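Enquirer: Let me give you the structure first, and then I'll get to my questions.
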Ligand code: NVA
């Protein structure tokens, strides 16, 4: 069997995504029922950008599968500076059962996957954050059942990693994914086209709207993300200021009132209260963000188990 990677949401088929989500629920109920990393075998977890949830949840997932998480600070490793990505991959692949990497360019992750010889997992790049979407789909499933046919409205920066992953991952799950974002912040065209194709196959749809209320209209799930992604800190004043084009896309109680009355609110965190989301929304009864944060652990455990053990 060839080595499987998870570099973007559509590296899993719709059936495989459903299998991973089922396995995540099984592992949440019986946390130590699968031990593909017994030994313990090492999994390298590298961070070129800040982290809290991703580090904690991958460390827990790897340990829970019987393995040893080797957390590598990107500032120490200097992948691509001190040593090429390809050579780093060859070294890691000889000593680790899998490699998990949070970095900038998707091309770096692809190069790692091309040379590691073991599964490589995207723990966030500039383009995608697919592990987060697995956790979100698990959370939606727990609260609303099968996500297929539900409308998910993502409002905020339509060009960032979360928007792209909601498009691909939500489409694979058969959801109706709406991106509410200002002009000039639309998703990447190739990602949008790919998501439209996947959605058509799964009975869902994708759309981009430039008005927040229209995007959220009767949605079952409302999600947002920071307006200043990691690596964009230099644009903070303009993206978060009162003249920011994102201001009309902030998730306030008034905006939530346009969604379905029982709509869920999700946020990948970290959240900035009073900026992209009002405190009364993220701390209110419709918010499931703490379930969502916990579900990173269970979803990533299931993903690693799938990549290492397959579907059985
Ligand atoms: N879009 C955000 C997600 C953080 C988990 C970022 O890339 O910083």
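Enquirer: What are the residues in the stretch 261-312 that are assigned to a helix (DSSP H, G or I) and free of Cβ contacts under 8 Å to residues at least 40 places away in the same chain, if any?
Expert: 279, 280, 281, 282, 289, 290, 294
Enquirer: Sticking with this one: Would you check which residues across the stretch 273-290 are at negative phi and surrounded by fewer than 17 Cβ atoms within 10 Å (Cβ to Cβ) and list them?
Expert: Correct list: 273, 279, 280, 283, 284, 285, 290.
Enquirer: Related question: Being in contact with a helix residue (DSSP H, G or I) (Cβ under 7 Å, 6 or more places away or on another chain) and closer than 20 Å to residue 117 by Cβ is the filter; apply it to the stretch 32-47 and report the residue that is surrounded by the most Cβ atoms within 10 Å (Cβ to Cβ).
Expert: The residue in question is 43.
Enquirer: If I ask for residues that are away from the ligand (no atom under 16 Å from the Cβ) and touching a residue at least 60 places away in the same chain (Cβ under 8 Å), which ones from the stretch 230-247 would you list?
Expert: Across the stretch 230-247, the qualifying residue is only 245.
Enquirer: Of everything in the stretch 96-140, what is out of contact with any strand residue (DSSP E or B) (no Cβ under 9 Å at 6 or more places or on another chain), within 15 Å of the ligand (Cβ to nearest atom) and either at pLDDT below 95 or more than 23 Å from residue 27 (Cβ to Cβ) (or both)? Give them in sequence order.
Expert: 104, 105, 126, 127
Enquirer: Quick one: in the stretch 81-100, which of the residues that are assigned to a strand (DSSP E or B) and touching a residue at least 24 places away in the same chain (Cβ under 8 Å) is nearest to residue 123 (Cα to Cα)?
Expert: 100
Enquirer: Still on this model: Pick from the stretch 191-229 the residues that are part of a strand (DSSP E or B) and within 16 Å of the ligand (Cβ to nearest atom): which of them is surrounded by the fewest Cβ atoms within 10 Å (Cβ to Cβ)?
Expert: 223
Enquirer: Which of the residues belonging to the stretch 57-80 are outside any loop (DSSP other than H, G, I, E, B) and out of contact with any helix residue (DSSP H, G or I) (no Cβ under 8 Å at 6 or more places or on another chain)?
Expert: 59, 63, 70, 72, 73, 74, 75, 76
The values are calculated or read from the model by the stated rules, or taken from the named source; none is laboratory data. This is a predicted model, so every value here is computed, not measured. Ideal geometry is used to build each Cβ from the backbone, glycine not excepted, and the neighbour counts take in all protein chains shown.
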